[in-house]
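The values are calculated or read from the model by the stated rules, or taken from the named source; none is laboratory data. Every value quoted in this text rests on a predicted model; they were computed, and no experiment measured them. Please note: Cβ atoms are built from the backbone with ideal geometry, for glycine as well, and neighbour counts cover all protein chains shown. For accessibility, only protein heavy atoms count, side chains too; no ligands or nucleic acids. Shrake-Rupley method; radii C 1.70, N 1.55, O 1.52, S 1.80 Å.
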Amino acid sequence: MLEAGTKAPDFTLMDKDGNTIRLSDFLGKKVVLYFYPKDNTPGCTRQACAFAASYEQFKTQNIVVIGISKDSAASHLKFAQKYDLPFILLSDPELQAIQAYDVWQEKKLYGKVSMGVVRTTYIIDEQGIIEKVMPKVKPDTNAADILAYLAGEK
């Protein structure tokens, strides 16, 4: 896991519409960068829908929300359309950002060990410095926990 106070690694990835997006494009804005395992799975869908439900609150605070998984841009497009997701979804099939942010880790499920994305959220400040790291977040409360933190409640 990267630590608060370190410079957020820049990356260049494709969004759901085929546009090239760089983290450095958002210098001057606070960024909520969340990594999740897979589109259209129960936990990831609940997490994305919670961000969508809170999106106006993020927008009014001039905060950019970006979700990253290793799914394809086409998968992201279908996911965003199906659940009306208004924020940026980036495709990272080569694990460029996923590995740079140290969220590609060993996971155990039903006794089986495999590598995968550990659900993690980074809050990055306006200068591109990691302000807060939220490892192993809960899908249902991640967005609310971030808003509470930003409001000084956590």
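Numbers below:
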| item | result |
| --- | --- |
| Qualifying residue in segment 52-60 (condition: in contact (Cβ under 8 Å) with a residue 60 or more places away in the chain, of a type outside the set (Gly, Ala, Ser) and assigned to a loop (DSSP other than H, G, I, E, B)) | no |
| Segments classed as strands (runs of 3 or more DSSP E), wholly inside segment 80-135, with at least 3 members that are within 13 Å of TYR36 (Cα to Cα) and open to solvent by less than 40 Å² (accessible area, probe 1.4 Å) | 88-91, 120-124 |
| Checking LYS7 against (1) over 14 Å from the mean Cα position of the chain (by Cα); (2) surrounded by 13 or more Cβ atoms within 10 Å (Cβ to Cβ), the condition it does not meet | (2) |
| Index of the failed condition, ASP25 passing every other in (1) part of a loop (DSSP other than H, G, I, E, B); (2) closer than 25 Å to GLU126 by Cβ; (3) among the acidic types (Asp, Glu) | (1) |
| Qualifying positions in segment 141-154 - open to solvent by 10 Å² or more (accessible area, probe 1.4 Å), at pLDDT 95 or above and either in contact with a Ser or Thr (Cβ under 8 Å, 6 or more places away or on another chain) or outside any helix (DSSP H, G or I) (or both) | THR141, ALA144, LEU147 |
| Some residue of segment 28-51 being of a type in the set (Phe, Trp, Tyr), open to solvent by less than 50 Å² (accessible area, probe 1.4 Å) and touching a helix residue (DSSP H, G or I) at 6+ places or on another chain (Cβ under 6 Å) | yes |
| Positions within segment 108-140 being modelled with pLDDT of 95 or more and on the phi > 0 side of the Ramachandran plot, in sequence order | GLY128 |
